[in-house]
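J.: My questions will all concern the structure given below.
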Amino acid sequence: MNFIDLNQWLIKMFFANPFKLKELGILGMNNRNINYIGKLNKRKNFPLVDDKLKTKQIAQEHNIAVPELLGFIEYQVQINNFKHYIKNENGFVIKPAQGSGGKGILVIIKTVGNKFIKPNGVEVGYSDIKRHISNILSGLYSLGGKNDVAVFEKLVEFDSVFDGFSYEGVPDVRVVVYKGYPALAMMRLSTSNSDGKANLHQGAVGVGIDIKTGKALNAVQFDRPVQVHPDTQKPLKELKVPFWDDILLLASKCYDMTNMGYLGADIVIDKNKGPLVLELNARPGLAIQIANGIGAQRRFKKIDKVKYKESDPEKRVLFSKTNF
Amino acid sequence: MKSKNNIIIFSFLLILAALSLMTYKIKYLNFPLFQDETVNIWNIEAKITFNARKEQSASISMTLPSKQDGLMIINEESSSANFGYSNSFINGLKKGNWTKREVQGEQVLYYSIDVIKDPFFKAEQKDEIDEEIFRKEVSTAFVQASTSLLNSIYEKSANGVSFTSLLIKEFNLKEPSQATTMIKNNFMKTNKQKRDTLVQLIDKMGYKVRTIGALYLKDRQRNIELTPMLEVFYKDKWHLFDINKGEISKNSNIFIWQRGSQYLLDAEGVRNSDVRFSVTKNIVPARSAALSKDVKNQNTLLDFSLFVLPNEAQNTFKLLLLVPLGALVVVIMRVFIGIKTSGTFMPILLSMAFIETQLLPGILMFILVVTIGLIVRSYLSYLNLLLVARISAVLIVVVGIMAFVAILSQKLGLQYATSITFFPIIILAWTIERMSIIWEEDGPKEVLLQGSGSLLVSILAFFAMTNSVLSFITFNFPEVLLAVLGVIILLGRYSGYRLSELYRFKSMVD
């Protein structure tokens, strides 16, 4: 084997042919930034999505189900107010409105007298919680350290259908909504690698979900295909998402609420309330393509062919379900 | 689509503008494209010698050359110990005047000029120096001999120029006629006499003529006199003649020092004054020649260039102008390759630090500082400090580490000891802060990935910025920045795949 052959072999071994990728309609980062985020997502709408408090408030106006807002604290002097917010609650969550990557989220699953119990069983007191809120307000968890708002919401009680599919963490469904049409969906399962977080680049498993049925398609971890959950060994093919139509409808409605043409909706399923929008993302990533085994642009192009503006989210969901 | 076309046109216009400016500077201002291009500078030195007279003040004035087409005087210098020096203009003639009250013994004055050839240089036409030819009383023998000679040449010629050519040719014949020989033997004993006689003869025929003292630009000429020449006016133009060679059509090799027959040297209060010339060729880098030229030229383009800045500011700009190159490297690495760096332009600042510290010591110091910084920072995160306080703490730690490293390397006898101060400490502190956040959020693997990505990009940027060809071009042709801008704008519209994505999506085509 001479040098050139070896070279070509190495290139073929590690790199995909770009023309083949284009043929498959796979969306690249540059293309996403210029032609999708840049064109479809208006800058002025970004705060709606980046600020969880704003998202929640506008979602309630649009009748979109979200984990219930118990209250929020903007200034250090209001810190003691939190007792009012949680007095009727057993479990609750405190999060920074502009936090990223799950930092600064405090989950309390149970209140026993003056003690609050975290998911790992550790008890914390009032003063610990007050210090946490103070840290959030002074920007400890927000990007660039700007002052932030502490948001209180009701604890989501997770449905038991996902038992065994997720390790330690919260499974959620990411739906990429293109011009209001659900285009791609993926379940994100935390692993021991991802340290209980549902971010794919941290090692969470992404399972592509069929838009028609809500059943699992392919699964990936670190951008490479996997068959079973790395921690629980449960075959990922068996995964089926309940309330699938409701989830798609919820995701589709988020478009009308934010006017973002390229949007990622993160949805969790509450045992009692069904699907709830946990957060929105104006820059959804590209790994969802690998999890689904399909190029996003194939679906985007089908949606682009619809010439009229469909304002009924249910009809948009129907379109997606029949075409994808 | 329309905006895309606009952007392409816009960036091509930028690139085109840069290229045409460059071409203009190379072609018409003789800017060199590469560092090692050289040109010849001719140094012409006049050496005036004289002896002092007792108790008399000395006043010496010498006719200085005026501007000449095709040759540009880029530097004039007069060196004369303890003599007062001034310039004066008399009847459009430039003169240099040396004066001193008390002079003793033999004295030497120097006056030197640097000349370069520039075919595009045109001397502005000043008032023509018309010369009164002093008509000497001559013997009847000379008149007779010359009359027959002049008449025969006049018959054969058409105008002043051809007449002069034929006349000079006549006197240079190997076997001249009797009349010619007579004039030659009696009135042309020296070259100077020959020239003066020729001027007399041409003037006699009614042609406009003037005397010239010039120098041939040939290397290593020492202790020479001005070569006597003459100029004849015909059809709005003066034509130059060498009295031995005839008409000179291309005079870029001849430097005219003196026009007209007034004395070259005018000395009062001294004895034995004389002036001798020497011509030397110097080879200099083309850029410095081009630069000293436009000081004279007052070219508006260059009048507004970086070279008008003081030297210190120029050196700063030498470095600043390289930053866009670093930015270009960053854009290419991120848009085409998809390398992750911590902080968009941190690699550029890092590579600027590397320029000062040298590459290898710089990399080692960077790794050392960041590693120690991360260790300290991991302790700080236990303290749960607020952001500003935390970064300030890291900042202080960074300064401490830098001092420690400097002292340590000094003790170990390493020469790079103090160059560590060139690292931008604020940037280092932020890098440490950002990396420790990445460590907490995404794990050590991501820190390593982004850290080595930043290092790789900054090493590449370092090579781009220290490349002598590139830095030479950016400083001499700052308009290249427009081209870089155009390229970056074009790259900003690249919506194709990154190399890293070809790897990432590999599993999808299998």
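The values are calculated or read from the model by the stated rules, or taken from the named source; none is laboratory data. This one's a predicted model, so the numbers in the text were calculated from it and none came from an experiment. Every residue, glycine as well, gets a Cβ built from its backbone with ideal geometry; the counts of neighbours run over all protein chains shown. Accessible surface areas use protein heavy atoms only, side chains included; no ligands, DNA or RNA. Shrake-Rupley method; radii C 1.70, N 1.55, O 1.52, S 1.80 Å.
J.: When only residues in region B:71-96 that are of a type in the set (Gly, Ala, Ser) and at pLDDT below 80 count, which is surrounded by the most Cβ atoms within 10 Å (Cβ to Cβ)?
T.: In this case the residue turns out to be B:Ser80.
J.: From (1) open to solvent by 20 Å² or more (accessible area, probe 1.4 Å); (2) polar (S, T, N, Q); (3) more than 14 Å from chain A (Cβ to nearest Cβ), pick out the condition that doesn't hold for B:Gln450.
T.: (3)
J.: What number goes with the only condition from (1) open to solvent by 60 Å² or more (accessible area, probe 1.4 Å); (2) touching a residue at least 12 places away in the same chain (Cβ under 8 Å) that B:Thr474 does not pass?
T.: Going through the list (1) open to solvent by 60 Å² or more (accessible area, probe 1.4 Å); (2) touching a residue at least 12 places away in the same chain (Cβ under 8 Å), B:Thr474 breaks only (1).
J.: Taking the residues in region B:405-428 that are touching a Ser or Thr at 6+ places or on another chain (Cβ under 8 Å) and open to solvent by less than 30 Å² (accessible area, probe 1.4 Å) as candidates, determine which candidate is nearest to the other protein chains (Cβ to nearest Cβ).
T.: Residue satisfying both the conditions and the ranking: B:Phe423.
J.: Would you say B:Pro310 is of a type outside the set (Phe, Trp, Tyr) and either at pLDDT 75 or above or open to solvent by 80 Å² or more (accessible area, probe 1.4 Å) (or both)?
T.: So B:Pro310 passes the test.
J.: Could you list, in sequence order, the residues of region B:47-70 that are at pLDDT 85 or above, within 21 Å of B:Ile254 (Cα to Cα) and assigned to a strand (DSSP E or B)?
T.: Scanning region B:47-70 gives B:Lys47, B:Met62, B:Thr63, B:Leu64.
J.: Restricting region A:286-311 to residues that are within 11 Å of chain B (Cβ to nearest Cβ) and assigned to a loop (DSSP other than H, G, I, E, B), which is surrounded by the fewest Cβ atoms within 10 Å (Cβ to Cβ)?
T.: Of everything passing the filter in region A:286-311, A:Gly293 is surrounded by the fewest Cβ atoms within 10 Å (Cβ to Cβ).
J.: Pick from region B:289-306 the residues that are hydrophobic (A, V, I, L, M, F, W, C) and open to solvent by 40 Å² or more (accessible area, probe 1.4 Å): which of them is modelled with the highest pLDDT?
T.: This residue is B:Phe304.
J.: I've got another one for you. Going by the structure shown, is A:Ile58 at the interface with chain B (Cβ under 10 Å from one of its Cβ atoms) and of a type in the set (Val, Ile, Thr)?
T.: No; evaluated as a whole, the condition is false for this residue.
J.: Taking A:Lys95 as meeting all but one of (1) modelled with pLDDT of 90 or more; (2) more than 14 Å from every other protein chain (Cβ to nearest Cβ); (3) part of a helix (DSSP H, G or I), write down the number of the exception.
T.: The failed condition is (3).
J.: May I ask you to verify whether A:Asn135 is under 16 Å from A:Glu279 (Cα atoms), surrounded by 17 or more Cβ atoms within 10 Å (Cβ to Cβ) and within 11 Å of chain B (Cβ to nearest Cβ)?
T.: No, not satisfied.
J.: Another question, then. The conditions are (1) at pLDDT 80 or above; (2) crowded, with 16+ Cβ neighbours inside 10 Å; (3) among the hydrophobic types (A, V, I, L, M, F, W, C), and B:Ala286 fails exactly one of them. Which is it?
T.: The failed condition is (1).
J.: A further question on this structure: Scan region A:111-129 and give yes if some residue there is within 14 Å of chain B (Cβ to nearest Cβ), of a type in the set (Lys, Arg) and open to solvent by 20 Å² or more (accessible area, probe 1.4 Å), otherwise no.
T.: The answer is no; no qualifying residue exists.
J.: Return the residue satisfying two criteria in turn: it lies in region B:223-279 and is at pLDDT 80 or above and of a type in the set (S, T, N, Q), and of such residues it is farthest from B:Lys189 (Cα to Cα).
T.: B:Asn253
J.: Pick from B:Glu55, B:Glu45: which is of a type outside the set (S, T, N, Q), closer than 26 Å to B:Gln258 by Cα and open to solvent by 40 Å² or more (accessible area, probe 1.4 Å)?
T.: Within the list B:Glu55, B:Glu45, the selection yields B:Glu45.
J.: Continuing with the same structure: Report yes if A:Ile26 is surrounded by 12 or more Cβ atoms within 10 Å (Cβ to Cβ) and not in a helix (DSSP H, G or I), otherwise no.
T.: yes
J.: Can you pull out the residues in region A:167-186 that are within 13 Å of A:Gln221 (Cβ to Cβ) and in contact with a strand residue (DSSP E or B) (Cβ under 6 Å, 6 or more places away or on another chain)?
T.: A:Met186
J.: For region A:225-238, name all the residues that are farther than 18 Å from A:Ala198 by Cβ and within 14 Å of chain B (Cβ to nearest Cβ).
T.: A:Pro225, A:Gln227 - these are the residues of region A:225-238 that are farther than 18 Å from A:Ala198 by Cβ and within 14 Å of chain B (Cβ to nearest Cβ).
J.: Next up: What are the pairs with Cβ atoms under 7 angstrom where one residue, in region A:8-20, is facing chain B (nearest Cβ under 9 Å) and more than 13 Å from B:Arg504 (Cα to Cα) and the other, located anywhere, is surrounded by 11 or more Cβ atoms within 10 Å (Cβ to Cβ) and at pLDDT 80 or above? Sequence gap at least six, or different chains.
T.: Correct list of pairs: A:Lys20/B:Val509.
J.: Do we have B:Ser436 as small (Gly, Ala, Ser) and either more than 14 Å from chain A (Cβ to nearest Cβ) or within 30 Å of A:Asn199 (Cα to Cα) (or both) here?
T.: So B:Ser436 fits the description; yes.
J.: State which residue pairs qualify: first residue at the interface with chain B (Cβ under 7 Å from one of its Cβ atoms) and within 16 Å of B:Phe336 (Cα to Cα) and inside region A:21-34, second residue β-branched (Val, Ile, Thr) and open to solvent by 20 Å² or more (accessible area, probe 1.4 Å) in any location, beta carbons under 8 Å apart, and separation of 6 or more residues or different chains.
T.: The qualifying pairs are A:Leu21/B:Val509; A:Asn30/B:Val335.
J.: Here is a list of conditions, (1) open to solvent by 20 Å² or more (accessible area, probe 1.4 Å); (2) within 26 Å of A:Ser134 (Cβ to Cβ); (3) touching a Ser or Thr at 6+ places or on another chain (Cβ under 8 Å); (4) not hydroxyl-bearing (Ser, Thr, Tyr), and B:Ala393 meets all of them except one; can you say which number that is?
T.: Among (1) open to solvent by 20 Å² or more (accessible area, probe 1.4 Å); (2) within 26 Å of A:Ser134 (Cβ to Cβ); (3) touching a Ser or Thr at 6+ places or on another chain (Cβ under 8 Å); (4) not hydroxyl-bearing (Ser, Thr, Tyr), B:Ala393 violates only (3).
J.: Go through region B:217-236 and count every residue that is hydroxyl-bearing (Ser, Thr, Tyr) and open to solvent by 50 Å² or more (accessible area, probe 1.4 Å).
T.: Number of matching residues: 1.
J.: Going by the conditions given, is B:Lys100 open to solvent by less than 30 Å² (accessible area, probe 1.4 Å), among the charged types (D, E, K, R) and modelled with pLDDT of 75 or more?
T.: no
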